[in-house]
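So the structure is just underneath, and the comments pick up after that.
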Amino acid sequence: MLVVPAAGRGDRLGAGRPKALVELAGEPLLVHAVRRAHGSGAVDVVVVVAPEGAVDEVTALLAPLQLPDLRVVPGGAERQDSVRLGLRVLDADVDVVLVHDAARCLTPPAVFTAVVAAVRAGAVAVVPVLPVTDTVKRVRGTLVVETVERSELVAVQTPQGFSPGPLVRAHEAARGAAPATDDAGMLESLGHPVRTVPGAERAFKVTRPLDLVLAAALLREETP
Ligand code: CTP
Ligand code: MG
């Protein structure tokens, strides 16, 4: 099962509408993301967590994809709330749950299959990662406090994959706590091991306007 949090406002993109509904090559980011995820063959049920008031719009936008089992639910104030609401429609017999940001709309199919395979091989939580390329420093105000050893750092992407029970329990346990920016971090803080698989440069998150320019260029390159 795949949960797609798509209920964010997209403040940093600044398009004046929820980011998942912003168009890229004539289609909303969400449609690109779900098409690729489903095209990987690694997901069956798709749960989309829609922006407030946009459940019907999202259902209509995804209708052309003819997904075998699409469920659209309204989201919450923080990403973590949206994922928790998506997990409420989980079926009891699911063996793997993927959580994938609508904003990572060009994620290649191979990342989905690698994450699912790692969960099926016994991992409780799996994250796709890439090495960090910039030097990273810890600062206080304008003063550098420390340079962090880069060889130990990775940037974390989605889809993240989970064994359903631990993921649901982590979300329930985290209710009311400071919101987490990723799901695996919640399992990590409960002491579960989190495994990594190779991520992909194309799985970058559309966050700021420049990211949309990059995504459009990549799509043009894909479509001859
Ligand atoms: N998301 C969500 N519900 C929220 C906040 C975020 O479902 N309350 C989703 C977004 O739609 C996005 C993913 O979580 O697909 C990653 O979040 P982010 O990139 O931060 O998106 P936004 O919150 O929309 O952007 P911003 O933080 O710039 O407002
Ligand atoms: Mg956000």
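The values are calculated or read from the model by the stated rules, or taken from the named source; none is laboratory data. Everything numeric here is computed off the predicted structure, so don't read it as measured data. Every residue, glycine as well, gets a Cβ built from its backbone with ideal geometry; the counts of neighbours run over all protein chains shown. The protein model used for the area step is the full one, side chains on, heavy atoms only, and it has no ligands, DNA or RNA in it. Shrake-Rupley method; radii C 1.70, N 1.55, O 1.52, S 1.80 Å.
Annotation: of all residues in segment 16-33 being of a type in the set (A, V, I, L, M, F, W, C) and touching a residue at least 40 places away in the same chain (Cβ under 8 Å), the one that is farthest from ligand 1 (Cβ to nearest atom) is Ala25. Evaluation of Pro131 against the conditions (1) of a type outside the set (Asp, Glu); (2) farther than 20 Å from Pro5 by Cβ; (3) within 12 Å of ligand 1 (Cβ to nearest atom) shows that the sole unmet condition is (3). The number of residues in segment 1-56 that are closer than 18 Å to Ala110 by Cα, among the small types (Gly, Ala, Ser) and within 16 Å of ligand 2 (Cβ to nearest atom) comes to 1.
Do any strands (runs of 3 or more DSSP E) lying entirely in segment 1-106 carry at least 1 residues that are under 14 Å from Pro159 (Cβ atoms) and open to solvent by less than 40 Å² (accessible area, probe 1.4 Å), and which ones are they? Steps first, please.
Working: elements: 2-5, 45-50, 69-74, 97-99.
So the answer is 2-5, 45-50, 97-99.
For (1) away from ligand 1 (no atom under 14 Å from the Cβ); (2) more than 22 Å from Ala184 (Cα to Cα), each residue gets a yes or a no:
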{"position": "Asp44", "(1), (2)": "yes, no"}
{"position": "Val47", "(1), (2)": "no, no"}
{"position": "Ala60", "(1), (2)": "yes, yes"}
{"position": "Leu67", "(1), (2)": "yes, yes"}
{"position": "Gly86", "(1), (2)": "no, no"}
{"position": "Ala92", "(1), (2)": "yes, no"}
{"position": "His100", "(1), (2)": "no, no"}
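Would it be correct to say that Arg36 is of a type in the set (D, E, K, R), touching a residue at least 24 places away in the same chain (Cβ under 8 Å) and under 21 Å from Leu190 (Cα atoms)? Criteria not met by Arg36.
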